[in-house]
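The values are calculated or read from the model by the stated rules, or taken from the named source; none is laboratory data. It should be emphasised that the depicted structure is a prediction, and the values quoted were computed from it without experimental measurement. Here the Cβ is made from the backbone with ideal geometry for all residues, glycine too, and neighbour counts use every protein chain on show. Calculation scope for accessible area: heavy atoms of the full protein, side chains included, ligands and nucleic acids excluded. Shrake-Rupley method; radii C 1.70, N 1.55, O 1.52, S 1.80 Å.
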Amino acid sequence: MSSARQTMSEYEAIPQMDLAAQYAVIGGEIREAVTRVLASQQFVLGKEGLALESEIAGLCGVRHGIGVASGTDALILALRAVGVGAGDEVILPPFTFVATGSAVSALGAKPVFADIDPATFNICSGEIARRITPKTRAILVVHLYGLAADMDSIRAVAKSRGIPVVEDNAQAIGASYKGTPAGALGDVACISFYPTKNLGAYGDAGMIVTSSPEMDVRLRSLRNHGQASRYNSVEPGWNSRLDELQAAILRVKLRHLREWEQARRAHAAEYARLLAPVKSVKTPQTPQGCAHVFHQYTIRAARRNELQKFLSDRKIGNAVYYPVPLHLQPIYASLGTAIGSFPESERAAEEVVSLPMFPELKLEQIQRTAGTIAEFYGI
Ligand SMILES: Cc1ncc(COP(=O)(O)O)c(C=O)c1O
């Protein structure tokens, strides 16, 4: 790899993710969709939203989609729809974005953390089983980085105790587990369309998907002031509606999602091939039967912080998702959880770094990133 080395000034920056590259390809289609909505002058709860709901439900292999204002709102409303309220406990992994935990807290419920499987970064069923109490009202599973959690064992634990499973599917739209799409692996699932997600809006947006007709009806009401029909509010709700502009933009992007996923998988395969000789790095593994969508391409790396600096100095984008597990963040200081309580989450937080990953990433960019990592470790 040494022949590819250059002086720093010769390097062009490689972003960790690049939305502009995507817009350069689909800009025309997007502008057409936006113009269509502007011409209709219907901005909230219209036909674009309805069409997107059914298209996303189809992608996830479930009957219903309920568009909401963000992934965070999707979590809050879905947890509420499965019966979580003040004083209940919800089991979730500490190695996730804070929204997973703050959605639980927003309902006055208590987050109960369960450590991750170091091989997948996802919540471990054995850890869940140990944390169940009579107050456990839901198990909140995150499919981190685009890989579904081990749902057979998680569902078995949940079923044996009669506890609903909520999927935080913010990062894994399009992924599957043993042939079942993420989104159809629990009782209800929450999607984020935050702009950087594999399917990202041009602002905040989210969706809840479920096959339960009762939950569909309840969630449609909850996202719209608890109205069962117009001016007939039956319980306290929210204003959390997905708007027509975002829905129309997402429908354009949805048409490209499979081809983007394939590109992400090809990039991941190339990284894995090039990084195989670098023993100080552990590349992500995809368990048998899973289709990973590589929202992030996240490696474990020895001397991670030094490697990050080495990459950044050479203008190679990189990011740590997530440097502080939830149980060690100030928001949960009152739980009094000691350092060392969730060793796998804590170790992951110290070792992970996500490399450039987006569909339009070029082979030379992957080669330079992998080559620079090899150079750092003296290979
Ligand atoms: C795992 C996870 N959960 C929840 C969220 C919250 O989604 P949003 O930003 O759309 O509210 C995100 C993304 O930001 C996420 O990555």
Accessible area of segment 86-136 with a 1.4 Å probe: how many percent of it is carbon plus sulfur?
57
Excluding ligands, DNA and RNA, what is the solvent-accessible area per residue of the chain at a probe of 1.4 Å, expressed in Å²?
42
For a protection proxy built on the mean count of beta-carbon atoms within 10 angstrom, sort 260-273, 330-343, 33-46 highest first, please.
260-273, 33-46, 330-343
Just tell me which lysines come within less than 25 Å, Cα to Cα, of Lys159; anything on the same chain fewer than 8 places away is out.
Lys110, Lys135, Lys178
For the chain, what is one quarter of the convex hull surface built on the Cα atoms, given in nm²?
19.3
State the dimensionless ratio Rg/Rh of segment 7-105 (Rg: radius of gyration of Cα atoms; Rh: Kirkwood radius).
1.11
Whole-percent pair-distance distribution, where bins are 10 Å wide, for the alpha carbons of segment 236-379:
10, 31, 28, 23, 8, 1, 0
Rounded to the nearest 10 degrees, what's the angle between the helix 19-40 long axis and the longest principal axis of the chain, both from Cα atoms, 0 to 90?
20
Taking 1 over the mean of 1/r across every pair of different Cα atoms in segment 76-195, what Kirkwood radius in Å do you get?
13.9
What is the Cα centroid distance between segment 213-254 and segment 86-137, reported in whole angstrom?
26
Taking every pair of alpha-carbon atoms in segment 282-356, what share in percent sits in each 10 Å bin, from 0 to the bin with the longest distance?
18, 40, 31, 12, 0
For segment 222-251, which trypsin sites (Lys or Arg not before Pro) are in a loop by DSSP, counting at most 13 other Cβ atoms within 10 Å?
Arg230
What ranking, highest mean first, results for peptides 127-138, 92-103 when packing means the other Cβ atoms within 10 Å averaged over each residue?
92-103, 127-138
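Would you work out what percent of the accessible area of segment 205-259, with all protein chains in place, is carbon or sulfur (probe 1.4 Å)?
Percent of accessible area from carbon and sulfur atoms in segment 205-259: 51.
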Can you work out ³J(HN,Hα) from phi for every residue in segment 306-312, in order, using Karplus 6.51 cos²θ - 1.76 cosθ + 1.60 and θ = phi - 60°, giving whole Hz and x for Gly and Pro?
5, 4, 4, 5, 4, 5, 4
